[in-house]
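Just below is one structure, and these are the notes that go with it.
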């Protein structure tokens, strides 16, 4: 997983119209610092944890074709919270999914 622009502000709200204008100005000037995190994760784990990842990695998408032919694949996502993703990934009980009939 490549988390680009990680931990970006989400749904910033301001009652002050001037603050909103300044925020929009800085976005148009591309003054926002972008951070990228690379996290090695298991495709099987992601597919068990999320129907979206299951479709992405086993359907007809480019990522699924690369995974089937070459093995490791990079999935880029934008503006995700790194801490939340790590909690999602680490806390999903993979072992219970493997033992269910």
Review point. How many residues does region 47-82 hold that are within 14 Å of the chain's Cα centre (by Cα), touching a residue at least 24 places away in the same chain (Cβ under 8 Å) and assigned to a helix (DSSP H, G or I)?
Key: 2
**Study point:** Qualifying positions in region 62-94 - at pLDDT 90 or above and touching a helix residue (DSSP H, G or I) at 6+ places or on another chain (Cβ under 7 Å)
**Key:** 63, 64, 67, 73, 75
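The values are calculated or read from the model by the stated rules, or taken from the named source; none is laboratory data. Since this is a predicted model, take the numbers as computed values, not measurements. Quick reminder, even Gly has a Cβ in these numbers, built from the backbone with ideal geometry, and neighbours come from all protein chains shown.
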